[in-house]
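Inspection log for the structure reproduced underneath, given as structure tokens.
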Amino acid sequence: MVEQQQTPQYLAAVDLGSNSFHMVVARIEDGHIHIQDKLKEMVRLGAGLDEQNRLTKEARQRALACLNRFGERVRNFPPGTVAAVGTRTLRQAKKSHRFIAKASKALGHPISIIGGKEEARLVYLGVSHSLVAEEGKRFVMDIGGGSTELILGEHFEPLYLRSLNMGCVSMSLKFFRDGDLSKAAWGKAKTAAHLELRPVRKYFQRADFSSATGASGTIKTVGSIVQALELNPYLNITLDSLYAIRERMIAAGHLDKLDLPGLKAERKQVIAGGLAVLIATFEALRIEKMQVSDGALREGLLYERLGRICCEDSRLKTVETVQQRFQISAKHAKRVNRTAHRLFTACEEAWDLQSDDAELLYWAGSLHEIGLAVSLSGYQKHGAYLLDHADLPGFSYSEQDWMSTLVRCHCKKITRRLLRKIPRAKRKTILRLAVLLRLAVLLHRSRKDETACIKEVIAQENGLSLCFAEGELDRHPLQLASLEQEATYLQQVGFELRFSS
């Protein structure tokens, strides 16, 4: 079961972006977030990917050194009060789980990698909380180092989310390498950006949004340049103001000769790529003006984490939506979850299980029958595939991997091969959770609330003993036969299941 936690005094959010790493620390008072501290370092992780999409040693060292410094600020924060995520570069990097393990140790808190749509959702959450409430749909844009997020939403609810594979770092490296600011370079960048925008252009053109807002480094920097050059009296970004900035950059010809008021030295290397993306977006989506927001991904992380603590967990809504979409029996999932939770509670201390593990077991129990939407035959395999490839708002890549593995392993034969995509440090826990889910599903095979009464559950290092009430297994012969088969299955992974009455 997912239980409400006590509201903490402080929360922190860390954004491992492709260009910069950011951290914000906030004080929580009466359910409201008050930013107390901000840290930022230009790590340029995106520039540290080699041709095989591997992080270079220098990039990893820069990142870990930064996270060590961030960790000094939040290492003593209680578990669950620091939300840390990696974005486009870590989605793209090969064997990123190895780096994530070291990065989490450096920070002192777990770090997850999130998908593009989840990044867009969190950006919108952060931006919408920083703006004055207004009627109508709003368009939100965030240009990161490796990706650009485009969102259409209303009030605090995102309606349409897209993440495009272009950002200020990737575009600058590709089209403005070595500081070239020639007209030809701008032409190539413009064409590439428009090609990325083509699949979503018509939707946003027809969306009829009442306002446009931009977030994060590139757009904030452009806003500062517009203000410093007095290109717009209302401090909004317009297409004409973007053209004017581009013309000044073309006239300079090279980054070394560029002198733009409002442009900080740390942003200079990537401003051309970001500006090219922004101009193309204005042109393709017919944006007239854009305001600049203080809120972004990290603020969205804070509100998301506060929501989880205060029982407004977006993952609950996601699970309910998936149950409805795939016609999963919520009633049966609930009975399976009740039994799984009772077994979890009995094993919690002996197996050193955490609250995060209880949540994971709950999500998997809620969705374990998703594969039935495809076919009864091998439905656990279909379910795992669906969870591997679905966009699940609120869930990180690792959470989806773990949940998919539990669904894949919740019935039929189980082998160690099925656990290979799980990091070694987590495999034993995932196997134990899989055993608990398997037993809960097995005990409710008749799809009734009634099941054989268990008097005692004893957890061992690599085993579990179930003591049923006297005569219970005789009255439930199907469950007895299933338990005997289950004991044979679990032997294949070195786990011993004992049962008696």
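The values are calculated or read from the model by the stated rules, or taken from the named source; none is laboratory data. Note that the structure is predicted; figures quoted are calculated from it, not measured. A quick note on method: Cβ atoms are made from the backbone with ideal geometry, for glycine too, and the neighbour counts reach across all protein chains shown.
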Seminar exercise, completed: Note on ALA469: of the conditions (1) in contact with a Phe, Trp or Tyr (Cβ under 7 Å, 6 or more places away or on another chain); (2) more than 13 Å from VAL435 (Cα to Cα), unmet is (1)
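Looking only at region 164-196, count every residue that is hydroxyl-bearing (Ser, Thr, Tyr) and free of Cβ contacts under 8 Å to residues at least 60 places away in the same chain and tell me the total.
First, pick out the residues of region 164-196 that are hydroxyl-bearing (Ser, Thr, Tyr): 170, 172, 182, 191.
Next, from what is left, pick out any that are free of Cβ contacts under 8 Å to residues at least 60 places away in the same chain: 191.
Count: 1.
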Exercise. Which pairs have Cβ atoms under 6 Å, sit 6 or more apart or on different chains, and link a residue in region 345-371 that is more than 14 Å from LEU431 (Cα to Cα) to one that is at pLDDT 95 or above and of a type in the set (Phe, Trp, Tyr)?
Worked result: ILE370/PHE326; GLY371/TYR379
Exercise. Among (1) hydroxyl-bearing (Ser, Thr, Tyr); (2) at pLDDT 95 or above; (3) out of contact with any Asp or Glu (no Cβ under 6 Å at 6 or more places or on another chain), which single condition is SER500 missing?
Worked result: (2)
Exercise. Can you tell me which residues in region 441-482 are over 40 Å from the mean Cα position of the chain (by Cα) and charged (D, E, K, R)?
Worked result: LYS455, GLU470, GLU472, ASP474, ARG475
Exercise. Residues in region 140-161 that are surrounded by fewer than 18 Cβ atoms within 10 Å (Cβ to Cβ) and touching a residue at least 12 places away in the same chain (Cβ under 8 Å): how many?
Worked result: 5
For this session: Would you check if there is a residue in region 245-265 being of a type in the set (A, V, I, L, M, F, W, C) and touching a strand residue (DSSP E or B) at 6+ places or on another chain (Cβ under 6 Å)?
Result: no
Exercise. Would region 108-118 turn up any residue that is touching a helix residue (DSSP H, G or I) at 6+ places or on another chain (Cβ under 6 Å), of a type in the set (A, V, I, L, M) and modelled with pLDDT of 90 or more?
Worked result: yes
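Which one of these is aliphatic (A, V, I, L, M) and out of contact with any Phe, Trp or Tyr (no Cβ under 9 Å at 6 or more places or on another chain): LEU442, LEU406, LEU464?
Working: LEU406 fails: out of contact with any Phe, Trp or Tyr (no Cβ under 9 Å at 6 or more places or on another chain); LEU464 fails: out of contact with any Phe, Trp or Tyr (no Cβ under 9 Å at 6 or more places or on another chain).
So the residue among LEU442, LEU406, LEU464 that is aliphatic (A, V, I, L, M) and out of contact with any Phe, Trp or Tyr (no Cβ under 9 Å at 6 or more places or on another chain) is LEU442.
With the requirement that a residue be assigned to a loop (DSSP other than H, G, I, E, B) and touching a helix residue (DSSP H, G or I) at 6+ places or on another chain (Cβ under 9 Å), what does region 215-234 give you?
Restricting attention to region 215-234, the residues satisfying the condition of being assigned to a loop (DSSP other than H, G, I, E, B) are 229-234.
Answer for region 215-234, where residues must be assigned to a loop (DSSP other than H, G, I, E, B) and touching a helix residue (DSSP H, G or I) at 6+ places or on another chain (Cβ under 9 Å): LEU229, LEU231, ASN232.
Inspect region 344-367 for any residue being within 25 Å of ARG447 (Cβ to Cβ) and not in a helix (DSSP H, G or I) and give the result as yes or no.
Here is the first cut: in region 344-367, the residues within 25 Å of ARG447 (Cβ to Cβ) are 344-347, 358-367.
Retained after the next criterion (residues that are not in a helix (DSSP H, G or I)): none.
Checked region 344-367: no residue is within 25 Å of ARG447 (Cβ to Cβ) and not in a helix (DSSP H, G or I).
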Exercise. Which residues, taken from region 447-478, are modelled with pLDDT of 90 or more and among the polar types (S, T, N, Q)?
Worked result: GLN460, ASN462, SER465
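Is it fair to say CYS409 is hydrophobic (A, V, I, L, M, F, W, C), touching a strand residue (DSSP E or B) at 6+ places or on another chain (Cβ under 7 Å) and more than 21 Å from GLU320 (Cα to Cα)? Break it down stepwise before answering.
Working: hydrophobic (A, V, I, L, M, F, W, C): yes; touching a strand residue (DSSP E or B) at 6+ places or on another chain (Cβ under 7 Å): no; more than 21 Å from GLU320 (Cα to Cα): yes.
Considered against the rule, which asks whether it is hydrophobic (A, V, I, L, M, F, W, C), touching a strand residue (DSSP E or B) at 6+ places or on another chain (Cβ under 7 Å) and more than 21 Å from GLU320 (Cα to Cα), CYS409 comes out as no.
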Seminar exercise, completed: Here the residues within region 167-204 that are touching a Leu at 6+ places or on another chain (Cβ under 6 Å) and on the phi < 0 side of the Ramachandran plot are GLU196, PHE204
Exercise. Taking LYS334 and the conditions (1) closer than 27 Å to LEU11 by Cα; (2) surrounded by fewer than 21 Cβ atoms within 10 Å (Cβ to Cβ); (3) free of Cβ contacts under 8 Å to residues at least 60 places away in the same chain, which numbered condition does it fall short on, given that it satisfies the others?
Worked result: (1)
Seminar exercise, completed: Condition set outside any helix (DSSP H, G or I) and small (Gly, Ala, Ser), scope region 368-393, selection farthest from the chain's Cα centre (by Cα): answer is SER377
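Each row is one residue, and each column tells you yes or no for (1) within 14 Å of ILE287 (Cα to Cα); (2) assigned by TED's automatic domain parsing to the domain that holds VAL14; (3) among the small types (Gly, Ala, Ser).
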| site | (1), (2), (3) |
| --- | --- |
| ASP180 | no, no, no |
| ALA185 | no, no, yes |
| ALA189 | no, no, yes |
| LEU197 | yes, no, no |
| TYR203 | yes, no, no |
| THR213 | yes, no, no |
| PRO233 | no, no, no |
Problem set entry | Residue check, LEU164 in contact with a Leu (Cβ under 8 Å, 6 or more places away or on another chain) and either over 18 Å from MET23 (Cβ atoms) or in the same structural domain as GLY214 (by TED's automatic domain parsing) (or both) | yes
For this session: Mind listing just one residue for me: the one in region 57-86 that is at pLDDT 95 or above and among the polar types (S, T, N, Q) and, of those, surrounded by the fewest Cβ atoms within 10 Å (Cβ to Cβ)?
Result: GLN61
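Given ALA276, ALA252, which one is at pLDDT 95 or above and surrounded by fewer than 18 Cβ atoms within 10 Å (Cβ to Cβ)? Lay out the reasoning, then the answer.
Values: ALA276 fails: surrounded by fewer than 18 Cβ atoms within 10 Å (Cβ to Cβ).
Result: ALA252 is the single residue among ALA276, ALA252 that is at pLDDT 95 or above and surrounded by fewer than 18 Cβ atoms within 10 Å (Cβ to Cβ).
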Seminar exercise, completed: By my count, helices (runs of 4 or more DSSP H) wholly in region 235-333 with at least 2 residues that are of a type in the set (Ser, Thr, Tyr) and under 30 Å from ALA364 (Cα atoms) are 314-325
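For the condition modelled with pLDDT of 95 or more and among the small types (Gly, Ala, Ser), what is the one hit in ALA340, ALA296?
Values: ALA296 fails: modelled with pLDDT of 95 or more.
None of the others qualify; the one that does is ALA340.
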For this session: Look through THR238, THR221, THR213, THR191 and report the one residue that is among the polar types (S, T, N, Q), crowded, with 20+ Cβ neighbours inside 10 Å and farther than 15 Å from GLU149 by Cα.
Result: THR221
Problem set entry | Residue list for region 7-46, restricted to those being in contact (Cβ under 8 Å) with a residue 12 or more places away in the chain, farther than 24 Å from CYS168 by Cβ and in a loop (DSSP other than H, G, I, E, B) | THR7, PRO8, GLN9, GLY31
For this session: Output the number of residues of region 397-410 satisfying the condition of being at pLDDT 95 or above and either among the aromatic types (Phe, Trp, Tyr) or not in a helix (DSSP H, G or I) (or both).
Result: 3
